[in-house]
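The values are calculated or read from the model by the stated rules, or taken from the named source; none is laboratory data. The shown structure was predicted, so the numbers you read here are calculated from the model rather than taken from an experiment. Here the Cβ positions follow ideal geometry from the backbone for every residue, glycine too, while neighbour counts run over all protein chains shown.
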Amino acid sequence: MKVFIVYAHPEPGSFNGALFRTAQDVFREGGHEVQVSDLYAMGFNPVVSRKNYTTVKDPDYFKPQIEDMHATESGGFAPDIEAEIRKMEWCDLMLWQHPLWWFGLPAILKGWVDRCFAMGRTYGGGRLYENGVFKGKRAMLSLTTGGPAEAYAKGGFNGDIHAVLRPIHRGILSFTGFDVLAPHIIYAPVRLRDEQRKAILEGFSRRLRQIHEEGPVSVGEY
């Protein structure tokens with residue numbers, strides 16, 4: 001299996017960092033091919049601009065989708081963007097490892113989506129959802145929260161976590177054709193004892209070793 005891991009946390013010693021390293025170790029030990037994008041370590045630029053491209057369609061008015069389409073047709077994506085798109089095209093499974101910040105993705109990861117999910121190359125022309133460009137590939141979110149599990153239950157303080165994640169699951173991953181696996185959510189790791197964190201990493205490892213057996217969830221629910 002070909003696995004692409006996108007990691008978005010500024011602190012390597014964080015629990016997200018531990019989850020990121022665990023995922024790499026498990027997949028490589030299992031004989032899988034692994035590519036990673038450690039966005040902070042890469043200094044990835046999350047800002048959409050003409051730096052996305054080596055080509056120009058309209059020099060007078062910048063509309064990213066138009067430039068995306070032109071770059072798709074003419075091979076005009078900047079090297080950093082082309083490299084990330086190729087990783088998505090290469091993989092069988094894409095895993096995002098990140099904290100939940102303000103009910104969403106960290107800005108660097110959202111910017112990665114904005115720049116790399118290019119119209120024409122990753123969606124468009126009727127290639128959406130079940131007919132999406134990435135049909136046959138799977139994607140999974142592995143994330144941490146600041147609040148405890150009860151805060152993200154239905155009727156909880158922050159509301160249902162699956163409703164929180166639905167714009168990512170449906171609006172990004174399913175939209176482009178990925179089969180979405182159930183998210184792996186670690187609630188409030190900062191409040192846990194070391195032995196609890198160790199047990200969580202062991203449970204994460206067990207799941208990843210069997211991930212090839214998992215089927216997708218309904219993005220209508222998630």
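The residue that is surrounded by the fewest Cβ atoms within 10 Å (Cβ to Cβ), among those in region 152-187 that are in a helix (DSSP H, G or I) and without any contact (Cβ under 8 Å) to a residue 24 or more places away in the chain, is G171. Every listed requirement among (1) crowded, with 16+ Cβ neighbours inside 10 Å; (2) assigned to a helix (DSSP H, G or I); (3) under 19 Å from the mean Cα position of the chain (by Cα); (4) of a type outside the set (G, A, S) is met by I200 save one, (3). Scanning region 1-32 for residues that are outside any helix (DSSP H, G or I), among the charged types (D, E, K, R) and farther than 24 Å from T145 by Cβ turns up just one, K2. Looking at E221, E213, E202 in this structure, which one is over 30 Å from M119 (Cα atoms) and modelled with pLDDT under 95? Checking each option against the conditions leaves just E213. Contact map, region 13-39: residues that are closer than 25 Å to W101 by Cβ and free of Cβ contacts under 8 Å to residues at least 40 places away in the same chain paired with residues that are of a type in the set (A, V, I, L, M, F, W, C) and assigned to a strand (DSSP E or B), Cβ distance under 6 Å, separation 6+ or inter-chain. Pairs shown: Q24/V34; V36/I5. Could you check region 203-219 and list, in sequence order, the residues that are part of a helix (DSSP H, G or I) and either in contact (Cβ under 8 Å) with a residue 40 or more places away in the chain or charged (D, E, K, R) (or both)? Those that are part of a helix (DSSP H, G or I) and either in contact (Cβ under 8 Å) with a residue 40 or more places away in the chain or charged (D, E, K, R) (or both): F204, S205, R206, R207, L208, R209, I211, H212, E213.
Pairs are defined by a Cβ separation below 7 Å, a sequence spacing of at least 6 or placement on different chains, a first member in region 111-130 that is touching a residue at least 60 places away in the same chain (Cβ under 8 Å), and a second member that is surrounded by fewer than 16 Cβ atoms within 10 Å (Cβ to Cβ) and of a type in the set (V, I, T); the pairs so defined are G111/V47; D114/V48; R115/V48. Report whether or not M140 is within 30 Å of T72 (Cα to Cα) and touching a residue at least 60 places away in the same chain (Cβ under 8 Å). Here the answer is yes, as M140 does meet what is asked. All of D160, D194, D179 fail the test of being within 18 Å of L95 (Cβ to Cβ) and acidic (D, E), apart from D179.
Which one of these is hydrophobic (A, V, I, L, M, F, W, C) and at pLDDT below 95: A118, A149? The unique qualifying residue is A149.
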